[in-house]
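Taking it in order: structure first as structure tokens, then the write-up.
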Amino acid sequence: QVQLVESGGGLAQAGGSLRLSCAASGRTFSEYPMGWFRQAPGKEREFVAVISEGGGSTLYTDSVKGRFTISRDNAKNTVYLQMNNLKPEDTAVYYCAALTGSSWRDSGDYDYWGQGTQVTVSS
């Protein structure tokens with residue numbers, strides 16, 4: 001029902017910024033909370049942030065709190081992740097996903113995923 005395409009990844013220096021975008025197709029985008037996850041080589045997929053259907057509520061994992069901001073524009077069917085003060089440990093493939101279950105921190109409760117976009121932060 002939902003197709004997601006991430007963009008905006010690339011190479012950044014430590015302390016720099018990137019903004020990731022996730023474009024959704026279909027007309028049901030606004031019905032889902034949207035999340036961002038990331039996965040570094042050899043590591044488990046990690047929850048990063050989630051935003052409610054209307055954009056009024058957001059939650060973040062502790063390691064990105066104060067540096068990353070999730071937002072959405074339902075009129076454009078797009079969710080964003082603004083990443084500031086990047087650190088080398090932020091290096092990962094970043095995925096956006098639509099929450100269809102009830103456990104917002106569990107990747108298994110997100111049924112629709114993008115293909116991912118690579119973020120590399122150099123020291």
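Details
- In nm, spacing of pseudo-spin labels at Arg45 and Lys76 (7 Å Cα→C-beta vector): 2.6
- Surface composition of the chain: carbon plus sulfur atoms contribute 44% of the solvent-accessible area (1.4 Å probe, protein chains only, all chains present).
- Sequence-distant aspartates and glutamates (8 or more away, or on other chains) whose Cα lies within less than 15 Å of Lys87: Asp62
- Unit charges on C-beta of K, R, D, E only; dipole of segment 22-123, Debye: 260
- Charge dipole (the chain, unit charges on Cβ, about Cα centre) - positive-most of Tyr80, Val93, Ala12: Ala12
- Extension gain (nm, one decimal) between Ser123 and Ser57, 0.36 nm per residue minus Cα-Cα: 20.5 nm
The values are calculated or read from the model by the stated rules, or taken from the named source; none is laboratory data. Treat the numbers as computed from the prediction; the structure is a model and nothing was measured. Cβ atoms come from the backbone with ideal geometry, glycine included; neighbour counts cover every protein chain shown. Heads up: the accessible areas ignore ligands, DNA and RNA and are worked out on the full protein's heavy atoms, side chains in. Shrake-Rupley method; radii C 1.70, N 1.55, O 1.52, S 1.80 Å.
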